[in-house]
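Colleague: Got a structure for you, written out below as structure tokens; questions coming shortly.
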Amino acid sequence: MSDVKAAVLVVEDEALIRMAAVDLIEGAGYEAVEASNADEAIRILELRTDIRVVFTDVDMPGTMDGLKLAHFVRDRWPPIRIVVASGMQILAESQLPPGSRFFRKPYDDNSIISALSELLDAAS
Amino acid sequence: MDAHDRFAASSALSLMLAVIATSETPLLLLSGDLEVVAVSRSFCVAFGLDSAAVQGRSVLEMGEGEWNLPQLGSLLAATASGATEVRAYELDFRQPNRDVRHLVLNAHRLDYDDKDRVRLLLAVADVTTARANEKLKDDLIRDKAVLLREVQHRIANSLQIIASVLLQSARRVQSEETRGHLKDAHSRVMSIASVQRQLAQSAEGDVLLQPYLTQLCASLGASMIEDPTRLSIQVAVDDCLVDSEKSISLGLIVTELVINALKHAFPDGRDGKITVRYHARGPNWTLSVSDNGVGMSADVNVAKPGLGTSIVEALASQLEAEVRLGNAAPGTTVEIVHKRLAVVHDAPAQAV
């Protein structure tokens, strides 16, 4: 692994949850990049090539929800790993691109961090 | 045929016509070539026809031509020939100056003594209102389910905000004690979130205790146990349903007792396990949390009771239960015992 910190893109429309997620990810030693919806997330992904994981909410305003974003990212940037969190119970992992991880909200911070480290280890 | 037979036959015919005429279900008796032999008053009222005007005419020529439906003609002809029967055939019936009605048709070729004279009985049910009501009911049920999902989604999101802010504060504060309090508060929020999750999966507002407490303890373990090879939480709970209010109280009690055991029972990297049990017998039940740790030391006993202790006592009293502290040797057991005096003659409830 290189010395550069792995970058994680947090996509969440709720400011407080996004702020805490950024804090959590930075606390775990990664670089956190923020987007408040899928469109913004895609603009960031088009500009930056160092994003390794997208950590997204599902229910967000804009042209795409987090599920569509997950599939879009999987198609367009296959190496990027995906972690999805939602309060919706109906969401099954089968609706997500293969290899992505799903967490029910409210999620446990430790579970998110261990998922991130597993995904980043597997990808490196 | 003698006079008596003729009288009997004419009496039977008149009875049959009277039965058809008074039928509440709109009915038509048809000949083999689909001419109307008899019609019920209910049919005439439902479709605005005159009984005398339709008798002797083809069923397809009744009224202003609204019955001239090719599919009806072919179904009835097939029924008359004995090839098939019309069973619950549905059609949209259009009549001038009236809303479209949804009809369900049933037609049978009658099996009776006179093999040469074919007779069909056609029953017509107007299900327009019933179908509209069913659709309305389905729509309401769907709306309710959508609303409920939306509410559950918002609750989950709100709990996520609270949980996130608490843990973010915990990561930032300098004081180890304050950090502990913030983490405890986070565990309490997650405990309520667990119940919410179980409720979202149940239709009746009751919670299955076993999966609920299992999930709750897994979540407590994930956030509080740093080395899962050293400490574990086991759940041995009866298969039972409890209402949501009781489940929230039981969950919060378990949260407090497990947090307490994790904090005090295993100092200096000691190994161990915590066991959560719930056993019910009739209206009596016992919830217990035990550990195989160091046990209660004298100074813990005299120490000022913390918030956790107050929460457990308040919730136990709300559940009309008693808190019993015991030495498990090794370790500590706390039992929350609910007993109804009415069944005191029964064998006493015991924690398994």
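Colleague: Scan the range B:304-318 and tell me whether some residue there is part of a loop (DSSP other than H, G, I, E, B), modelled with pLDDT under 95 and of a type in the set (A, V, I, L, M).
Modeller: Looking only at the range B:304-318, we keep the residues that are part of a loop (DSSP other than H, G, I, E, B), and these are B:304-306.
Filter once more, so that each one left must be modelled with pLDDT under 95: B:304-306.
After this cut, where a residue has to be of a type in the set (A, V, I, L, M) as well, the list is none.
Looking for residues that are part of a loop (DSSP other than H, G, I, E, B), modelled with pLDDT under 95 and of a type in the set (A, V, I, L, M), one finds none in the range B:304-318, hence no.
Colleague: Could you check the range B:204-256 for strands (runs of 3 or more DSSP E) lying wholly inside it with 3 or more residues that are over 27 Å from the mean Cα position of the chain (by Cα) and at pLDDT 90 or above? First the steps, then the outcome.
Modeller: Details: elements: B:206-208, B:231-237, B:241-243.
Qualifying strands (runs of 3 or more DSSP E): B:231-237.
Colleague: When the residues of the range A:63-94 are narrowed to those that are more than 14 Å from chain B (Cβ to nearest Cβ) and modelled with pLDDT under 85, which ends up farthest from the chain's Cα centre (by Cα)?
Modeller: Ranking the qualifying residues of the range A:63-94, first place goes to A:Ser94.
Colleague: Which members of the range B:192-223 meet the condition of being more than 10 Å from chain A (Cβ to nearest Cβ), in contact with a helix residue (DSSP H, G or I) (Cβ under 9 Å, 6 or more places away or on another chain) and among the hydroxyl-bearing types (Ser, Thr, Tyr)?
Modeller: Within the range B:192-223, B:Ser202, B:Tyr212 meet the criteria.
Colleague: Moving on to the next point. When only residues in the range B:100-140 that are out of contact with any Lys or Arg (no Cβ under 9 Å at 6 or more places or on another chain) and at pLDDT below 90 count, which is surrounded by the most Cβ atoms within 10 Å (Cβ to Cβ)?
Modeller: Per the stated criteria, the residue is B:Arg117.
Colleague: A further question on this structure: Among the residues of the range B:173-191, is there at least one that is farther than 26 Å from B:Phe266 by Cβ and within 12 Å of chain A (Cβ to nearest Cβ)?
Modeller: Just the residues of the range B:173-191 that are farther than 26 Å from B:Phe266 by Cβ, to begin with: none.
For the range B:173-191, residues farther than 26 Å from B:Phe266 by Cβ and within 12 Å of chain A (Cβ to nearest Cβ): absent.
Colleague: Take B:Thr275 and tell me if it is surrounded by 14 or more Cβ atoms within 10 Å (Cβ to Cβ) and of a type outside the set (Lys, Arg).
Modeller: Against the criterion (surrounded by 14 or more Cβ atoms within 10 Å (Cβ to Cβ) and of a type outside the set (Lys, Arg)), B:Thr275 qualifies.
Colleague: Out of all the residues in the range A:44-67, which are more than 24 Å from A:Ser114 (Cα to Cα) and loosely packed, with under 14 Cβ neighbours inside 10 Å? Walk me through how you get there before you give the answer.
Modeller: Of the residues in the range A:44-67, the ones more than 24 Å from A:Ser114 (Cα to Cα) are A:44, A:46-48, A:60-65.
Within the range A:44-67, A:Glu46, A:Leu47, A:Arg48, A:Pro61, A:Thr63 meet the criteria.
Colleague: I've got another one for you. Looking at (1) more than 9 Å from chain A (Cβ to nearest Cβ); (2) closer than 28 Å to B:Gly306 by Cα; (3) assigned to a helix (DSSP H, G or I), find the lone condition where B:Ala145 falls short.
Modeller: (2)
Colleague: Then there is this: Within the group A:Ile25, A:Ile112, A:Ile17, which residue is aliphatic (A, V, I, L, M), surrounded by fewer than 22 Cβ atoms within 10 Å (Cβ to Cβ) and under 14 Å from the mean Cα position of the chain (by Cα)? Please lay out each step first, then the result.
Modeller: Details: A:Ile25 fails: surrounded by fewer than 22 Cβ atoms within 10 Å (Cβ to Cβ); A:Ile17 fails: surrounded by fewer than 22 Cβ atoms within 10 Å (Cβ to Cβ).
None of the other options fit; the residue is A:Ile112.
The values are calculated or read from the model by the stated rules, or taken from the named source; none is laboratory data. In this text the structure is predicted, and so the values were computed from the model without any measurement. Counting neighbours? That spans all protein chains shown, and the Cβs are built from the backbone with ideal geometry, glycine included.
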